[in-house]
Amino acid sequence: MTSETTTAGAAGTWQLGDLTVNRIGFGAMRLTQLADGSPSDRERVTGVLRRAVELGVNHIDTAAFYFSALRSANELINRALAPYADDLVIATKVGPGRDPAGQWWWAEPGQLRGQVEENLRQLGRDHLDLVNLRVPRRERSGSVAEHFGALAELRTAGLIRHLGISNARPDHLAEARAIAPVACVQNPYGIGSPAEDHAFLDACGEQGVAFVPFFAIAGAGKEAGVTGEDAPEVRAVAEAHGVSAAQLRLAWTLNRGPHVLAIPGTGNPDHLVENIAAGSVRFTAEEIALLDSL
């Protein structure tokens, strides 16, 4: 596989509402600091963002709460990419917030407009392409109607173009769709996810809703990145394709359906190229069955 020449278009495209995006995107969480908590290099990560766009990435996932003591992901995106290309879709998330000291809090419905305006300010935009409502504690969360309804009002007002939900359950999606169109569901997902997560991904496809997995590479490591050993089956299939286990995990999620969009994040230019190259991996039926069984 010639990773140096693979572009984000290799995995195909999908519609987020009326916006066409390449299925390999970019997640901004890793821009502000390294997995060990040390600060990122501003020039390096600015270069990674510009290189991502050069390689065809036109879907960037970010949030105002992606910041460290020295860096803000939104401001890095603004610095690197503004004025923005017409086809660049920037998605963000609201619900969680962080005060200047970094302490977390959750927004009430009436506070969501302030979070939307914070993203607008930092990104230097007059509207947001896509805003995901992040649901706290997915297993125990109740109704999302009041929060999602508040975002729907901001969509009607022109501050937001499309809406999505993140860390959500099927009943959350149904509740949101009764209020306004839902462009995507953004949930933790990857090889080894439980059966109900596989079923939800499939249901999203049947409803024409994009499914955007996060932690697809990191798995159980989550914010800390990849931890532990990959299963022998993952290593064997990766070796057969001449790719890393991380690339294999990413390619597998894309293989789950044409509505699946990947948003791997990195501050490393080499890892960026590898992530994008994963979009060109194609599996045999036997390999799919093997990986699906994990």
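Just so it is clear, none of the values below were taken in a lab; they were calculated from the coordinates. Because the structure is predicted, anything quoted here is derived from the model rather than measured. So basically every Cβ, Gly included, is an ideal-geometry build from the backbone, and we count neighbours across all protein chains shown.
Observations
- Cβ-based net charge around N74, under 9 Å, with every Lys or Arg adding one and every Asp or Glu removing one: -1
- Under the convention that each Lys and Arg Cβ holds +1 and each Asp and Glu Cβ holds -1, the size of the dipole of the stretch 14-108 around its Cα centre is about 260 debye.
- Proximal charge balance of L112 [Cβ under 13 Å; K/R count +1, D/E count -1]: -1
- Of the GluC sites (Glu not before Pro) found in the stretch 127-182, those in coil by DSSP whose Cβ has at most 14 other Cβ atoms within 10 Å are E139.
- Residue-count net charge about R177 - beta-carbon cut-off 14 Å; Lys, Arg +1, Asp, Glu -1: -1
- For Q186, nonlocal amide neighbours, meaning residues 5 or more places apart or on other chains whose placed amide H falls under 5 Å from its own, are I165, S166, N167, A168, V212.
- DSSP-assigned coil residues among trypsin sites (Lys or Arg not before Pro) in the stretch 117-165, each with at most 12 further Cβ atoms within 10 Å: R137, R140
- Residues with amide H under 5 Å from that of V89, placed H, sequence gap 5 or more: H59, I60
- For the chain, adding -39500 (n - 2.57) for each run of n ≥ 4 DSSP H residues and dividing by the number of residues yields -10500 deg cm²/dmol at 222 nm.
- Taking a ≥ b ≥ c as the square roots of the eigenvalues of the Cα gyration tensor, the stretch 40-109 is classed as oblate, since a/c reaches at least 1.5 and a/b does not exceed b/c.
- Shape of the stretch 156-217, Cα gyration tensor, a/c cut at 1.5: prolate
- Karplus (6.51, -1.76, 1.60) ³J(HN,Hα), θ = phi - 60°, over the stretch 135-150, in Hz, Gly and Pro reported as x: 8, x, 6, 3, 5, 10, 6, x, 5, 9, 4, 5, 5, 5, x, 5
- For the stretch 3-292, the Cβ-based charge dipole about the Cα centre amounts to some 600 debye (Lys, Arg positive; Asp, Glu negative; other atoms uncharged).
- Extreme residue, positive dipole direction of the chain, given options S193, V237, I24 (C-beta unit charges): I24
- Shape category assigned to the stretch 185-294 from the gyration tensor of Cα positions, a/c cut at 1.5: rounded
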